[in-house]
Structures are given as structure tokens and as C-alpha cells.
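The values are calculated or read from the model by the stated rules, or taken from the named source; none is laboratory data. Given the structure is predicted, the values throughout are model-derived calculations rather than measurements. Quick reminder, even Gly has a Cβ in these numbers, built from the backbone with ideal geometry, and neighbours come from all protein chains shown.
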Amino acid sequence: MKNTIAIITDTGCDLPEELAKAWDIRIVPLRVLWKGRDFRDRYEVSSAEVFRMMEDEIPTTSLPNQQDFLDALDELAEEGHEEALFLSISSGISGTYNAARLWAQDYGRMRVTVLDSRAASMAQGGMAVEAAKAAKAGKSMEEVIRRAEEVRSGTTALFVVQTLEYLRKGGRIGALEGTLGSLLQIKPVIALREDGTLGPVAKAKGFKRAVAVMLEKVKQNFEGRRVHLTALHCDNAEGAKQVAEQVRAFAEVAESHVIQLNPTLAVHTGKGLLGLVVYELD
């Protein structure tokens, strides 16, 4: 019988496959809906395919299929786990947390705790990795959750988009803010806020200036510190690599990744996004 707590999350986490495998983190797919078809995020559709879809018709996104969630739990129960922690994408941008709580209540093969990450992308992914490390060390569920929440409170997650059109259409920002930003070429630096919603923390004229402001905010929080760094992009890998190098100039980057945003998040940002997710390592 396995004594360790199993860690499950959803594809909103943006975890690279090698990290998920290294820490035995199971990932349940969110869904991309397009022209009557239903795609399992990351497994049946890529971000590149989503960008092609968007040229014709903007897809919508949805929470995981209940059966995919239950299948992941069954697999873990069969492996001998007695407890699992499901770390959901933020309830501020998805209905996944509320749905998973209902599904977990009726699951009888092991104890399942559902935690709202109040995060997304590698802010959520970092929480999953650190929770898995704590679980592997034999920590209790309370201690595993505490570690995940410590990482969340210490994470800075910022991004800049080329256009606010998709965030506005997806209801992730207000219509007025999206329209004014487009008209004036104002590019907000958007943060994942403490409550798990998205909102601007600064504004700049033009994309390059907004990226510079984003970097300055990360520098203020992490200069001279030992960090885990993720540079995010949407069809802009070279830009992400350049931004990552600029972080290395002021912080000790112990672990780093350059990642294309997953399809369900890319639907709401469009091409060109650059972002940074940074947290301090012990």
C-alpha cells in the first residue's frame, strides 16, 4: 500500500511532461470546443492548432470531462494510494474547482481533497511540483497543502499580450478596458492576482515597453534571489528566451523553462503573449 499522497492537477498548469513524470503528477485535460467538436486540451489539440482555428472561428473552453477526472482517480486507487490532492486551475477563471469538489464528494475508493490553486499556468504548475515534493517526503495532507499555498503566495505571475481582443471576448477582462487598450495601443501588464482573477498592475504604450515594465516588476521582487523561472509565450519562443536571459541578469535562476501556453489558455490570449512566472526556491 502506498503511503504517499497522490497529486493531480489539470492542464491549466502548463507543467512540462518531464516535470510531471519526474514527480508522478497526474494531469486531467481541460477542453477546447470548436465548431461542435470537443478536444481534450494538450492531448488532442495543440496551441498551434488553436491558433489556426482562431483564424476561422474563436474556440471556447470548458472544464474537464467528469469521466477523465474519475479515471485519473481510479488509476491512482489501483496503484495503492489512499489519498489524493487535486489542485485545480483558479476558480476565478474556470468552473473546474467547483465541479471537482462535487465529483470528489461521491468518490469512494480513496480520500480526495480539492484545492483551488487561485492560479494558472506554471503558477499552478509550481504549486503542483512543490506539493508533490512534500508528498514524496511523507508529509501529511495538511502539510502538503500548506507547502502549495506557500508557493502560491510567493509567486509572481505576469504577462503581456499583443491584443486584448481575446481576453475581452472570453470575459477575462472588462469590455471597456479592452476597447480603450486597443484604441490607444496601451498594453497592460496583467497579473494573476491573489484572489485568482486576472487584472492589470501597470500599463505602458506599446508591447516592448510593457515587457520592460513586466521585467522591472519581477526584478523588484526577486533581485539577487535563487528562483524557479518560467518564461511563457504564445508562438513567440524567441521572445520568451530573450526575456528569460534578462531575468538571469538580476536573479540566480536555479531552474528554468520556456513554455508555450497550453491551448485552453492560448484561446484567451492569442498569439504573441510573453509572460513570466517566478517563485523563490528554498
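Side notes on the structure shown:
- Among residues of region 261-282, those that are under 11 Å from the mean Cα position of the chain (by Cα) and either among the polar types (S, T, N, Q) or surrounded by fewer than 20 Cβ atoms within 10 Å (Cβ to Cβ) (or both), counted: 2
- Lone unmet requirement of (1) closer than 25 Å to Lys139 by Cα; (2) modelled with pLDDT under 95 for Glu57: (1)
- Residues within region 216-236 that are of a type in the set (A, V, I, L, M) and over 16 Å from Val161 (Cβ atoms), tallied: 3
- Criterion (surrounded by 17 or more Cβ atoms within 10 Å (Cβ to Cβ) and outside the structural domain of His257 (by TED's automatic domain parsing)) met by exactly one of Ser121, Ser140: Ser121
- Leu85 falls short on exactly one of the conditions (1) over 19 Å from the mean Cα position of the chain (by Cα); (2) within 23 Å of Ala132 (Cα to Cα), and that condition is (1).
- Test result for Leu63, farther than 20 Å from Asn262 by Cα, surrounded by 21 or more Cβ atoms within 10 Å (Cβ to Cβ) and touching a residue at least 24 places away in the same chain (Cβ under 8 Å): no
- Matching residues, region 245-276, being among the aliphatic types (A, V, I, L, M), part of a helix (DSSP H, G or I) and under 16 Å from Ala123 (Cα atoms): Leu265, Ala266
- Among all residues of region 92-100, there is at least one that is loosely packed, with under 15 Cβ neighbours inside 10 Å, out of contact with any Cys (no Cβ under 8 Å at 6 or more places or on another chain) and modelled with pLDDT of 95 or more.
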